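For reference, the structure discussed in these notes is given below.
Computed from the coordinates by the stated procedures, all read-outs in this text should not be read as laboratory data. What you see is a predicted model; the values in this text were computed from it and never measured. Note that each Cβ is placed from the backbone with ideal geometry, even for glycine, and that neighbours are counted across all protein chains shown.
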Amino acid sequence: DNTLSLSVVMETQLLHRHHRFCPTLASSFNKHCTEYTTTSCEPCTDGTFLDQPNGQTECFPCTKYDADPGLKVKSPCTTTSDAVCEPRDGFFCVDRRWYGCVAAQKHRSCKPGQYISQRGTATTDTECSDCTGETYSNGTSTSCQPHTKCESEGLQQIRPGNHSADSECGPKHDSSNKTAIIVPLVLVAVIIVAVAAAVMWRKRKGSRTGMFLSLV
């Protein structure tokens, strides 16, 4: 009977189609099913996984991210799922797949004269902007700071500020104090010179008097 034969063929095909996959996760088959036997499956071993019913003859190896210093494991590999990674602090993902990040890059560092206008995240890089006007930044702050006004703090400016460094201030030098110190020093020096000159003059005068008396 043609109808009966067709029914048997279709039933056999459906049975084979059902048995050609391992019905559970984390297992691969080591023997194909037949009309009379089901597929023989084996569990995945450590370091391998399968995440869906399949017809694989072996489990997939777990992905290792040791070579990328910018990644850390978010979810470790199990027999039913591969390892999932995410960027470490200070890095952002540059290659994202549906199951996680597979490559990361370090956030850029702003240069002196720039400020951090947008901090980096796990998905975006750091954004930098230039300082303007009388402000400065060493590149690590989130805003530019105004230059110190030395005069307003009772100091004098030693070096003017620029966009990468603050003004350099120092103590003021009082001219009256200088005079108070210099004048006494000059007077002492004059006195010393005068005394020395007087001593030398007396010595010379004494030697001349002695010569005159010896001649008489």
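Other residues with beta-carbon under 15 Å from the beta-carbon of Pro112 carry, at +1 per Lys or Arg and -1 per Asp or Glu, a net charge of 0. Charge tally around Cys150: other residues with Cβ under 14 Å, Lys/Arg +1 each, Asp/Glu -1 each, net -2. Packing-based ranking of 61-73, 92-104 yields 92-104, 61-73, ordered from highest to lowest mean Cβ neighbour count within 10 Å.
The magnitude of the dipole of the stretch 48-123, with charges of +1 and -1 set on the Cβ of Lys/Arg and Asp/Glu and taken from the Cα centre, is near 540 debye.
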